[in-house]
1. Just checking, does the stretch 182-197 include any residue being part of a helix (DSSP H, G or I), farther than 17 Å from Ile30 by Cβ and either modelled with pLDDT of 90 or more or touching a helix residue (DSSP H, G or I) at 6+ places or on another chain (Cβ under 9 Å) (or both)?
2. Being β-branched (Val, Ile, Thr), under 25 Å from Asn211 (Cβ atoms), surrounded by 13 or more Cβ atoms within 10 Å (Cβ to Cβ) and touching a residue at least 40 places away in the same chain (Cβ under 8 Å) narrows it down to one of Ile131, Ile144, so name that one.
3. Can you tell me which residue in the stretch 104-118 is farthest from Phe210 (Cα to Cα), limited to those that are in contact (Cβ under 8 Å) with a residue 24 or more places away in the chain and surrounded by 13 or more Cβ atoms within 10 Å (Cβ to Cβ)?
4. Residue under question is Ile237, and the condition is that it be under 14 Å from the mean Cα position of the chain (by Cα), farther than 29 Å from Ala108 by Cα and either without any contact (Cβ under 8 Å) to a residue 40 or more places away in the chain or buried (at least 19 other Cβ atoms within 10 Å of the Cβ) (or both); does it hold?
5. Which of the residues spanning the stretch 119-128 are surrounded by 14 or more Cβ atoms within 10 Å (Cβ to Cβ) and part of a helix (DSSP H, G or I)?
6. Of (1) out of contact with any Ser or Thr (no Cβ under 9 Å at 6 or more places or on another chain); (2) of a type in the set (A, V, I, L, M); (3) surrounded by 12 or more Cβ atoms within 10 Å (Cβ to Cβ); (4) without any contact (Cβ under 8 Å) to a residue 24 or more places away in the chain, Ile136 satisfies all except one. Which?
7. Out of the stretch 12-50, which residues are among the aromatic types (Phe, Trp, Tyr) and within 17 Å of Val230 (Cα to Cα)?
Amino acid sequence: MILQQLINGIALGSTYALIALGYTMVYGIITLINFAHGEIFMVGAFVGLLMVEYFKMNLFLALAASMGFCMILGMVIEYIAYRPLRRSSRLSALISAIGVSIFLSSLAMMVFGANAKGFPESAFPSHQIHIGSADISTLQLLIIGVAALLMLALEFIVQKTKIGKAMRATSEDYNTAALMGINVNFVISFTFALGSALAAAGGVLVGVLFNSVSFNMGLMAGLKAFAAAVLGGIGSIPGAMLGGLLLGVAEVFGVAIGYSSYRDAIAFAILVLVLLVRPTGLLGQKIQKKV
């Protein structure tokens with residue numbers, strides 16, 4: 001029973017972690033909460049569904065196509081909605097993010113309708129694996145495996161590549177990085193692309209897991225992923241991963257013990273409790289402001 005719920009929680013938490021990484025990377029570099037990120041997750045799910053249903057791609061090709069499309073979408077959103085406001089107040093950028101969020105969800109409702117769509121069963125034929133008293137589906141193992149692979153790839157890009165070094169430099173000091181010859185606009189655009197690709201992957205995986213894709217699926221998923229990013233320490237990549245997994249496991253165990261009607265509240269209750277004890281999150285560091 002415990003192993004079963006733990007696997008369920010890790011599978012769900014892996015998807016939260018993928019979305020949370022986008023929030024935390026963008027915040028780490030330009031201290032902006034991209035509230036349109038949940039809608040990019042939703043667009044990714046719809047693109048994956050279209051690839052599987054109409055273009056008859058297998059799930060892995062559909063996942064790659066969805067990530068590619070959302071990378072471009074993320075860069076376009078950054079260029080149109082955020083870059084002109086970079087020197088403006090935080091409130092202006094926040095309102096712009098909310099506007100993009102509403103635009104994308106409304107557009108999805110107009111194009112795909114208000115009813116939820118499902119992936120065809122042929123997208124990924126799932127089988128049950130018996131481990132002790134637990135029944136684990138191959139779909140859950142796929143989600144955990146793909147999420148882990150993408151997180152490792154992100155960690156490699158950030159820590160071991162030239163663009164990753166530029167991202168870390170930009171997050172330390174935006175203006176100094178520009179003076180040192182780093183193309184800050186490209187770095188920020190690349191960060192949005194990377195975060196959007198991870199959100200798209202999360203969208204496709206969630207769509208297949210719950211067999212439901214709808215225009216408003218990004219709202220609660222985005223809020224929970226934001227809670228996961230804050231829980232782990234906003235701006236910390238390992239923190240976003242840890243926060244997503246913790247929230248997923250806590251939510252599943254909460255449902256298992258009979259609090260299914262409070263499943264959405266559990267994530268935010270944990271967030272409040274952790275922030276009361278440790279305001280910077282589990283792995284976040286206190287930022288020293290120089291005067």
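The values are calculated or read from the model by the stated rules, or taken from the named source; none is laboratory data. Note that the structure is predicted; figures quoted are calculated from it, not measured. Glycine also receives a Cβ, built like all others from the backbone with ideal geometry; neighbour counts cover every protein chain displayed.
1. Step one: of the stretch 182-197, the residues part of a helix (DSSP H, G or I) are 184-197.
Applying the additional criterion that residues be farther than 17 Å from Ile30 by Cβ yields 197.
Subsequent filtering for residues that are either modelled with pLDDT of 90 or more or touching a helix residue (DSSP H, G or I) at 6+ places or on another chain (Cβ under 9 Å) (or both) retains 197.
Yes: one or more hits.
2. Values: Ile131 fails: surrounded by 13 or more Cβ atoms within 10 Å (Cβ to Cβ).
None of the other options fit; the residue is Ile144.
3. The extreme case among them is Leu104.
4. On the way: under 14 Å from the mean Cα position of the chain (by Cα): yes; farther than 29 Å from Ala108 by Cα: yes; either without any contact (Cβ under 8 Å) to a residue 40 or more places away in the chain or buried (at least 19 other Cβ atoms within 10 Å of the Cβ) (or both): yes.
Yes: the conditions hold for Ile237.
5. In the first step, residues of the stretch 119-128 are kept if they are surrounded by 14 or more Cβ atoms within 10 Å (Cβ to Cβ); the result is 119, 123-124, 126.
Scanning the stretch 119-128 gives a single hit, Ala123.
6. Ile136 satisfies all of (1) out of contact with any Ser or Thr (no Cβ under 9 Å at 6 or more places or on another chain); (2) of a type in the set (A, V, I, L, M); (3) surrounded by 12 or more Cβ atoms within 10 Å (Cβ to Cβ); (4) without any contact (Cβ under 8 Å) to a residue 24 or more places away in the chain except (4).
7. If the condition is that a residue be among the aromatic types (Phe, Trp, Tyr) and within 17 Å of Val230 (Cα to Cα), then Tyr16, Tyr23, Tyr27, Phe35 are the ones that fit.
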